[in-house]
Amino acid sequence: MKHILIANSKGGSGKTTLATNLAGYFASLGKRVMLNDLDRQQSSAQWLARRPAVMPIIHSYNARNKSYIKEPEWIITDSPAGFRDEKLADAVKQADCVIVPIQPSAFDIGATSDFLDRLAEEKVIRKNKTFVALVGMRVNNRTHAAAGLANFMEQTGFPVLTYLRNAQVYATAAELGVSLFDMRPSFVAQDLEQWAPILDWVIEATAD
């Protein structure tokens with residue numbers, strides 16, 4: 001079983017976008033996938049409730065839910081805002097890897113800087129038992145904000161995987177309960193290209 005934790009203490013950073021699309025990717029490969037939504041807003045769970053029955057199955061991480069499976073191949077955890085202290089430490093220990101989404105704003109960068117400092121203190125991360133990487137979210141490469149985000153991310157010491165563009169396709173996918181990997185490839189070609197480094201890193205970070 002492989003476990004991916006999507007985490008950032010800053011709300012609205014793009015955690016659910018990463019979690020749902022990662023779940024959709026592995027489900028599209030025929031893997032047994034469970035989506036674990038720890039956020040009170042239950043955005044990932046609501047996305048899953050909208051998911052069409054014809055799409056590859058993604059199970060909810062809820063023992064009371066009929067879709068619960070005991071031996072998933074992949075668990076994707078969408079964590080809440082304000083995630084810290086013992087809850088963060090426990091989640092990091094259970095994860096094979098942690099992906100931290102960051103948006104290009106001074107507020108997001110400030111909050112994420114503190115969060116990354118806390119992550120770096122975790123023993124499993126210091127000993128390279130759990131791996132951490134960063135993803136830029138909703139980025140317009142032509143803006144000063146994007147340049148500032150890139151500069152910050154490069155200085156953190158964590159791998160920077162990619163920068164995902166600010167595209168309507170993500171809102172459409174969220175509304176329909178689907179992932180990019182359920183959509184017509186020609187429609188999301190640019191986005192799939194941006195996702196490739198994330199998928200490659202996850203496979204490497206979770207390899208036995």
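Bear in mind that the values in this text are calculations on the coordinates, not laboratory data. Just so we're clear, the structure is a prediction, and the values are computed from it rather than from any experiment. Here the Cβ positions follow ideal geometry from the backbone for every residue, glycine too, while neighbour counts run over all protein chains shown.
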Roughly how many nanometres apart are two label points built 7 Å out from the Cα toward the Cβ at R142 and L29? 3.6
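On a full-extension model of 0.36 nm per residue, what is the gain between Q41 and N166, subtracting their alpha-carbon distance, rounded to one decimal in nm?
Full-extension gain reported as 42.8 nm.
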Quick check on the exposure proxy: order T172, T17 from fewest to most C-beta atoms within 10 angstrom. T172, T17
Among rounded, prolate and oblate, which fits the stretch 105-208 when a ≥ b ≥ c are the square roots of the eigenvalues of its C-alpha gyration tensor, a/c under 1.5 means rounded, and a/b larger than b/c means prolate? oblate
Eligible aspartates and glutamates near K127 by straight Cα distance, threshold 18 Å, same-chain separation 8 or greater: D90, D96, D117, E204, D208
With 10 angstrom as the radius, rank D117, D182 by how many other C-beta atoms surround their C-beta, starting from the fewest. D117, D182
Between the stretch 121-138 and the stretch 1-51, the alpha-carbon center distance in angstrom: 18
Length added when fully stretched, R84-L176, from 0.36 nm per residue minus Cα-Cα: 30.0 nm
With each pseudo-label sitting 7 Å past Cα toward Cβ, what's the E71-L192 distance in nm, one decimal? 3.2
Reviewing [x] 37, 19, 15; [y] 25, 21, 15; [z] 28, 23, 14, the figure for semi-axes √(5λ) of the Cα gyration tensor in Å actually calculated from this model sits under [y]
Potential extension, T206-R184 segment - 0.36 nm per residue separation minus Cα distance: 5.1 nm
Between their Cα atoms, which of K15/K70; K93/K123; K70/K129; K2/K93; K10/K129 are more than 19 Å away from each other? K15/K70; K70/K129; K10/K129
